[in-house]
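Asks: Shown below is the structure under consideration.
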Amino acid sequence: AIADRREGLARLHGQVTAARGRAASAQAEIDRLATARDEAVERAAAAREEYEALRAEVDGLDAGDAELAEEHEAARGELAEAEAELSAAGEALSAAERERAATAARRDALSLGLRRKDGTGALLGAGDRLTGLPGPAAELPTVTPGFEVPVAAALGYAADAVAVDGPAPAAARS
């Protein structure tokens with residue numbers, strides 16, 4: 001039972017380490033996307049300034065000047081492209097932040113599982129010898145990504161409970 005518990009703790013520790021790695025990767029991606037967003041904002045501002053300069057130049061010149069019209073259109077295209085990049089970077093940043101939050105919630109839940117020092121841990125450790133114990137209550141529901149934090153809050157202390165198949169197995173354990 002001690003070896004099984006150690007193996008379980010080692011497995012959970014590995015999962016926590018992997019979750020921390022994913023969280024660090026997500027944070028790095030968030031930082032990269034934030035930098036890309038900032039650069040896109042700067043490019044958009046520069047493109048707007050260039051656009052305004054070209055617009056003023058076009059307004060002051062003859063309306064038939066084709067060369068200025070082409071520069072004007074190029075600046076508008078660059079502006080549209082910079083705004084599209086900014087929008088895409090914002091969406092990617094939002095997605096990365098949601099993924100980071102989900103990973104952090106999972107990491108926190110796994111960390112709680114590693115700190116059990118009560119009868120729940122003993123029951124789970126002896127789960128291979130006992131019938132009617134499907135496992136920890138927190139591991140049974142399937143949670144849609146993005147809703148981990150509200151589900152963890154709803155479970156509260158019940159997340160540390162052990163699930164049983166029915167009243168008879170629960171009565172036999174008490």
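Asks: Which shape class, rounded, prolate or oblate, goes with the stretch 1-102 when its Cα gyration tensor gives a ≥ b ≥ c as root eigenvalues, a/c under 1.5 marks rounded, and past that a/b bigger than b/c marks prolate?
Replies: Working: a/c = 7.48, a/b = 6.40, b/c = 1.17.
In terms of gyration-tensor shape, prolate.
Asks: Hey, another quick one. What residues have an amide H closer than 5 Å to that of Val162, excluding those fewer than 5 places away on the same chain, when H is modeled at 1.01 Å from N in the peptide plane?
Replies: Residues meeting the amide H criterion: Ala137.
Asks: Quick one: putting +1 on the C-beta of Lys and Arg, -1 on the C-beta of Asp and Glu, what dipole do you get for the stretch 1-74 around its Cα centre, in Debye to the nearest 20? Mind dumping the intermediate values first?
Replies: Working: 10 positive and 18 negative charges, 344 e Å.
So the magnitude is around 1660 debye.
Asks: Here's a follow-up. How large, in percent, is the carbon and sulfur part of the accessible surface of the stretch 1-45 at a probe radius of 1.4 Å?
Replies: 56 percent
Asks: Okay, moving on. Which ³J(HN,Hα) values, rounded to whole Hz and listed in residue order, are derived for the stretch 2-9 from phi using the Karplus coefficients 6.51, -1.76 and 1.60 in 6.51 cos²θ - 1.76 cosθ + 1.60 with θ = phi - 60°, glycine and proline given as x?
Replies: 5, 5, 4, 5, 4, 4, x, 5
Asks: Tell me the per residue accessible area of the stretch 1-74 using a 1.4 Å probe; a whole number in Å² is fine.
Replies: Values: 5090 Å² over 74 residues.
Dividing the accessible area of the stretch 1-74 by its residue count gives 69 Å².
The values are calculated or read from the model by the stated rules, or taken from the named source; none is laboratory data. What you are looking at is a predicted structure, and each value in this text was computed from that prediction instead of being measured. All Cβ positions, even for glycine, are placed from backbone atoms using ideal geometry, and neighbour counts span all protein chains on display. Heads up: the accessible areas ignore ligands, DNA and RNA and are worked out on the full protein's heavy atoms, side chains in. Shrake-Rupley method; radii C 1.70, N 1.55, O 1.52, S 1.80 Å.
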